[in-house]
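Working notes for the structure below.
The values are calculated or read from the model by the stated rules, or taken from the named source; none is laboratory data. Everything numeric in this text was worked out from a predicted model, so none of it was measured. Don't worry about glycine lacking a Cβ; one is built from the backbone with ideal geometry, like all the others, and counts go over all protein chains shown. Remember, those area values only see protein heavy atoms, side chains included, never the ligands or the DNA or RNA. Shrake-Rupley method; radii C 1.70, N 1.55, O 1.52, S 1.80 Å.
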Amino acid sequence: MQAWEREKKRLQTVQSEAVRASLERMLTVLKDEIAQIEARVAELIASDADLSQKAALLQTAVGVGRVVAYGLVAELPELGQVSHRAIAALAGLAPVRCESGDWVGRARVRGGRGRVRRLLYQAAVVAVSHDGRWRAVYEGLLGRGKVKKVALGAVARQLLVVLNAMVRDGRAYERVSE
């Protein structure tokens with residue numbers, strides 16, 4: 001939970017007016033700081049033609065807005081330069097089997113870059129809701145008995161693979177409505 005969210009939650013439960021005023025001042029300061037940081041990030045990306053082009057291309061995909069695109073550009077510079085397996089492993093979305101001798105465990109996603117994984121999970125939630133292609137993938141996984149969270153993780157991985165190919169080939173996303 002971010003500082004902004006923690007302070008807003010505290011504000012809901014506080015009884016004292018003095019503490020309430022202090023929390024409101026803190027929220028104003030945090031809001032201003034967040035706005036300055038977001039403006040600086042946008043300025044940095046706009047100043048580099050390659051990063052700007054990559055961010056604009058990523059935002060053509062359903063579920064990928066400014067925050068996700070900027071996060072991917074910043075946290076995953078290998079995007080568009082490595083294979084689909086490598087990019088999934090870097091993001092921590094590749095299933096890794098845990099085995100030892102005769103013992104065979106279940107495959108789980110682990111390792112990689114947690115921030116990227118969280119961004120892609122959020123993008124997958126939106127993509128499943130707003131794009132027929134991702135909804136079909138998600139419902140197919142649910143139909144095969146996958147848990148909802150696992151299915152969303154699989155959609156996030158496949159979305160990353162598509163984003164990687166988009167950046168590699170310099171092509172915009174082609175939306176499927178229904």
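Given Val167, Val104, Val82, which one is over 25 Å from Ser52 (Cα atoms) and at pLDDT below 95? It would help to see each step written out before you state the result.
Numbers: Val167 fails: over 25 Å from Ser52 (Cα atoms); Val82 fails: over 25 Å from Ser52 (Cα atoms).
The match here is Val104.
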Name every residue in the range 127-176 that is out of contact with any His (no Cβ under 9 Å at 6 or more places or on another chain) and polar (S, T, N, Q), in order of residue number.
Ser129, Gln158
State yes or no: is Gln53 open to solvent by 80 Å² or more (accessible area, probe 1.4 Å), under 30 Å from Leu152 (Cα atoms) and at pLDDT 85 or above?
yes
Any residue in the range 1-24 that is under 28 Å from Arg115 (Cα atoms) and among the basic types (Lys, Arg) sitting within a Cβ distance under 9 Å of a residue that is open to solvent by less than 80 Å² (accessible area, probe 1.4 Å) and in a helix (DSSP H, G or I)? List the pairs, counting only those 6 or more apart or interchain.
Lys8/Leu23; Lys8/Leu27; Arg10/Val19; Arg10/Leu23
Among the residues of the range 42-54, is any under 24 Å from Val162 (Cβ atoms), among the β-branched types (Val, Ile, Thr) and not in a helix (DSSP H, G or I)?
no
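Within the range 10-50, take every residue that is under 23 Å from Val67 (Cα atoms) and among the charged types (D, E, K, R) and give me the one that is least open to solvent (accessible area, probe 1.4 Å).
So the first thing to find is which residues in the range 10-50 are under 23 Å from Val67 (Cα atoms), and the list is 27-50.
In the following step, the residues that additionally are among the charged types (D, E, K, R) were identified as 31-33, 38, 40, 43, 48, 50.
Numbers: Lys31: 128, Asp32: 82, Glu33: 90, Glu38: 87, Arg40: 119, Glu43: 109, Asp48: 62, Asp50: 91 Å².
Among them, the one singled out is Asp48.
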Please go through the range 55-86 and pick out each residue that is more than 30 Å from Val96 (Cβ to Cβ) and either in a helix (DSSP H, G or I) or of a type in the set (Lys, Arg) (or both).
Ala56, Arg66
Can you name the number of the only condition in (1) outside any loop (DSSP other than H, G, I, E, B); (2) among the hydrophobic types (A, V, I, L, M, F, W, C); (3) farther than 27 Å from Glu43 by Cβ that Leu93 fails?
(1)
Residue list for the range 63-89, filter: buried (at least 20 other Cβ atoms within 10 Å of the Cβ) and touching a residue at least 24 places away in the same chain (Cβ under 8 Å)
Gly63, Val64, Val68, Tyr70, Gly71, Leu72, Val73, Leu76, Leu79, Ile87, Ala88
